[in-house]
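The values are calculated or read from the model by the stated rules, or taken from the named source; none is laboratory data. Treat the numbers as computed from the prediction; the structure is a model and nothing was measured. Note that each Cβ is placed from the backbone with ideal geometry, even for glycine, and that neighbours are counted across all protein chains shown. The protein model used for the area step is the full one, side chains on, heavy atoms only, and it has no ligands, DNA or RNA in it. Shrake-Rupley method; radii C 1.70, N 1.55, O 1.52, S 1.80 Å.
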Amino acid sequence: MSSQEEILSDGRFSCVTRDPRFWEMPEKERKVKIDKRFRAMFHDKKFKLKYTVDKRGRPVNYTSAENLKKFYALSESDSDLSEDDSKEQTEKKKKKKKPKPKGEADS
């Protein structure tokens, strides 16, 4: 058998190295981004199953929660951050308002 380098240097297969259909998917794009509303699925008992054998009958020692972490990631979108920022700004505005002293009356 020939090595991987010899196969890629062969003229018949040179288009494979340049074709984006055969490129490996980047690590960032590999996981599906989910909203923070669904973060409970990583630690909730309803989503956790303990497997003893895989689909071919071989013994395994992992849970479905590990599969969820492998395929899903929490999204850190800009819209979520902007909503949090706006909430913090409104809280700061509320804190900045000073109550009027009781001795002074409005005229």
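Observations, loosely collected:
- Counted residues, segment 21-33 - those being touching a strand residue (DSSP E or B) at 6+ places or on another chain (Cβ under 7 Å) and over 16 Å from residue 66 (Cβ atoms): 1
- If you go through segment 31-73 and keep only what is in a loop (DSSP other than H, G, I, E, B) and open to solvent by less than 80 Å² (accessible area, probe 1.4 Å), you end up with 31, 35, 44, 54, 57.
- In segment 1-21, of all residues being in a helix (DSSP H, G or I) and open to solvent by 100 Å² or more (accessible area, probe 1.4 Å), the one that is modelled with the lowest pLDDT corresponds to 4.
- Unmet requirement for residue 24, which otherwise passes all of (1) under 26 Å from residue 75 (Cβ atoms); (2) of a type outside the set (A, V, I, L, M, F, W, C); (3) assigned to a strand (DSSP E or B): (3)
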